[in-house]
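Reading through the structure tokens given below for one structure.
The values are calculated or read from the model by the stated rules, or taken from the named source; none is laboratory data. This is a predicted model, so every value here is computed, not measured. Cβ coordinates were reconstructed from backbone atoms using ideal geometry, including for glycine residues, and neighbour counts include every protein chain displayed.
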Amino acid sequence: MNLKTIQYHSYENGLPKEGNFILGQRNENNIFVYQAFNDRIADYAIKNQNFGGPDYSFNRMTWIKPNFLWMMYRSGWAEKDINQNRILAIEISFQGFEELLTEGVLTSYDNLFGNEKTWKEKLNSSSVRIQWDPDHDFKGNKLKRRAVQIGIKNDALKKFNNMFIQSIQDITNFVKEQKSNMENKKENFLVIHENIIDVNSSLKTKFSIPKKITF
């Protein structure tokens with residue numbers, strides 16, 4: 001695994017306590033996002049370094065998350081659902097990541113999109129959806145800080161798969177090992193080391209991301 005890790009008790013150091021923020025880990029010109037799948041889809045993705053095969057649909061919306069602990073909350077540390085028992089870390093170009101955010105339509109109404117009817121029409125026709133939800137700590141408790149997830153399908157998903165993905169790795173063993181360390185209250189409980197992901201000013205305005213950080 002080539003992701004940087006940090007002991008959980010140090011994870012929140014330097015991170016804002018509330019507001020809309022994109023947390024994640026960058027690698028030069030790329031960023032890591034996470035998804036959870038069943039064995040068949042995960043095996044295909046690892047072998048081919050992209051998605052496809054008989055069990056994967058490009059017409060169905062799939063959600064990527066740059067925040068590791070949000071993925072752990074949704075997947076129950078790879079134990080919540082048999083269809084989410086494999087955790088993949090997907091390295092994509094940061095340019096592609098910002099492109100998805102630019103194309104994305106918020107799943108909840110915002111007057112930036114004009115009237116509600118216009119927003120709903122854009123949402124229904126868009127291949128990219130942006131959703132903000134409460135962030136969670138390792139126990140699954142809600143935080144005041146909000147985390148982003150990006151839903152993609154159709155042409156946007158094909159572009160993500162064919163152009164944005166740089167690498168795919170299976171981090172399920174790491175996830176299960178840390179779940180065991182957490183349950184046994186070991187001091188070396190690790191998570192993925194994340195920072196605030198800075199995006200351009202237009203995206204900050206679009207998603208009400210604070211330009212200044214308050215702690």
Exercise. Do we have any residue at all in the stretch 106-120 that's part of a helix (DSSP H, G or I), surrounded by 12 or more Cβ atoms within 10 Å (Cβ to Cβ) and either touching a residue at least 12 places away in the same chain (Cβ under 8 Å) or not aromatic (Phe, Trp, Tyr) (or both)?
Worked result: yes
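Do we find that Phe138 is modelled with pLDDT under 90 and within 16 Å of the chain's Cα centre (by Cα) in this structure?
Yes: the conditions hold for Phe138.
Can you report the number of residues in the stretch 184-212 which are in a loop (DSSP other than H, G, I, E, B), over 14 Å from Ile22 (Cβ atoms) and not charged (D, E, K, R)?
Counting residues in the stretch 184-212 that are in a loop (DSSP other than H, G, I, E, B), over 14 Å from Ile22 (Cβ atoms) and not charged (D, E, K, R) gives 4.
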Exercise. Within the set of pairs 6+ apart or on separate chains, which have a first residue in the stretch 188-199 that is closer than 14 Å to Asn67 by Cα, a second that is basic (Lys, Arg), and C-beta atoms under 8 Å apart?
Worked result: Ile192/Lys4; His193/Lys4; Asn195/Arg26; Ile197/Arg26
Exercise. With respect to Asn181, is the statement that it is over 16 Å from Glu98 (Cβ atoms), of a type outside the set (Asp, Glu), part of a helix (DSSP H, G or I) and touching a Gly at 6+ places or on another chain (Cβ under 8 Å) true?
Worked result: no
Exercise. Does Asn27 satisfy being surrounded by fewer than 19 Cβ atoms within 10 Å (Cβ to Cβ), modelled with pLDDT under 95 and under 17 Å from Ile92 (Cβ atoms)?
Worked result: yes
Exercise. Are there any pairs with C-beta distances below 7 angstrom linking a residue in the stretch 158-183 that is free of Cβ contacts under 8 Å to residues at least 12 places away in the same chain to a residue that is of a type in the set (S, T, N, Q) and surrounded by fewer than 19 Cβ atoms within 10 Å (Cβ to Cβ), with the two at least 6 apart or on different chains, and if so which?
Worked result: Asn181/Asn188
Seminar exercise, completed: Within the stretch 147-173, the residues that are closer than 17 Å to Gly24 by Cβ and surrounded by fewer than 19 Cβ atoms within 10 Å (Cβ to Cβ) are Gln166, Ser167, Gln169
Problem set entry | Val33 vs. criteria free of Cβ contacts under 8 Å to residues at least 60 places away in the same chain, among the β-branched types (Val, Ile, Thr), under 29 Å from Ser201 (Cβ atoms) and out of contact with any Cys (no Cβ under 8 Å at 6 or more places or on another chain) | no
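Answer yes or no as to whether Glu98 is farther than 29 Å from Pro16 by Cα, acidic (Asp, Glu) and in a helix (DSSP H, G or I).
no
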For this session: Would you check which residues across the stretch 30-49 are in contact with a strand residue (DSSP E or B) (Cβ under 9 Å, 6 or more places away or on another chain), on the phi < 0 side of the Ramachandran plot and surrounded by fewer than 17 Cβ atoms within 10 Å (Cβ to Cβ) and list them?
Result: Asn38, Asp39, Asp43, Ile46, Asn48
